[in-house]
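Written out below as structure tokens is the structure these notes cover.
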Amino acid sequence: MELVKNGISIKFVIGDLTEFDGDAIVNPANKFLVMGGGVAGAIKRKGGKEIEDEAVKYAPIDIGQAIVTNAGKLKCRAVIHAPTVEVPGGRSTPEYVYKATLASLKVAKEKNFKSIAFPLMGAGVGGLAVEESIESMAKAFEELGQGLSIHIYLLNEEILSKVIQHLKNLGWKEKL
């Protein structure tokens, strides 16, 4: 499934973010870049502790900033760490997700990445509703997504349906 708006395209994948075979995946981090649970924990388990070891050297970083580390044993080339919560296990907000997504896109462009994969930022451990997450992410994609191959990894069909419906309500169309 692929949606487009203003020349920006988002591809949706039901599956495991850590299997993305492209330039970078995004870790919705905490400000201390400790990779405990949720997406961060999955990235660390699959890619190796060296990802976290490199990330914490940059900590703390503010929401609205992002850093890039190696990808360890993952298929992608890099991991972009962008805080969506203040502390491990903390709550996110739509504003935090927007800022984290924008920072991720900015860093991807600075590093000349062409393909980037996101989970639903702030929607897991961060506690946001799927609709709040995707709306904030889409706002950032519309601002800085031009020229990037954007992929969003989702856990199941039910979440995919919610995301697609919400984006269609915001003017995104199915790519023909």
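The values are calculated or read from the model by the stated rules, or taken from the named source; none is laboratory data. Quick caveat, the model's predicted, so the values are computed rather than measured. Counting neighbours? That spans all protein chains shown, and the Cβs are built from the backbone with ideal geometry, glycine included.
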> Between residues in the stretch 11-37 that are at positive phi and of a type outside the set (D, E, K, R) and residues that are modelled with pLDDT of 95 or more and assigned to a loop (DSSP other than H, G, I, E, B), which pairs lie under 6 Å by C-beta distance while being six or more apart or on different chains?
Replying inline: L33/A59
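Would you pick out the residues in the stretch 41-58 that are small (G, A, S) and either within 14 Å of C76 (Cβ to Cβ) or out of contact with any His (no Cβ under 7 Å at 6 or more places or on another chain) (or both)? If you could, list the steps in order and put the result at the bottom.
Applying the first criterion (small (G, A, S)) to the stretch 41-58 yields 41-42, 47-48, 55.
If the condition is that a residue be small (G, A, S) and either within 14 Å of C76 (Cβ to Cβ) or out of contact with any His (no Cβ under 7 Å at 6 or more places or on another chain) (or both), then G41, A42, G47, G48 are the ones that fit.
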> Does the stretch 124-154 hold any residues that are aliphatic (A, V, I, L, M) and modelled with pLDDT under 95, and which are they?
Replying inline: V125
>> Name the single residue that is surrounded by the fewest Cβ atoms within 10 Å (Cβ to Cβ) among those in the stretch 56-88 being among the hydroxyl-bearing types (S, T, Y) and more than 17 Å from A24 (Cα to Cα).
In response: Y58
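If you scan the stretch 42-55, which residues turn out to be of a type outside the set (A, V, I, L, M) and buried (at least 16 other Cβ atoms within 10 Å of the Cβ)? Walk me through it before giving the result.
Filtering the stretch 42-55 down to residues of a type outside the set (A, V, I, L, M) leaves 44-50, 52-54.
If the condition is that a residue be of a type outside the set (A, V, I, L, M) and buried (at least 16 other Cβ atoms within 10 Å of the Cβ), then K44, K46, G47, E52, E54 are the ones that fit.
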>> Tally up the residues in the stretch 77-100 that are assigned to a loop (DSSP other than H, G, I, E, B) and either over 18 Å from L120 (Cβ atoms) or at pLDDT below 95 (or both), please.
In response: 6
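Can you pull out every residue in the stretch 104-122 that is assigned to a helix (DSSP H, G or I) and either within 10 Å of the chain's Cα centre (by Cα) or closer than 23 Å to I159 by Cβ (or both)?
Our first condition is that a residue be assigned to a helix (DSSP H, G or I); within the stretch 104-122, this holds for 104-110.
Of everything in the stretch 104-122, those that are assigned to a helix (DSSP H, G or I) and either within 10 Å of the chain's Cα centre (by Cα) or closer than 23 Å to I159 by Cβ (or both) turn out to be S104, L105.
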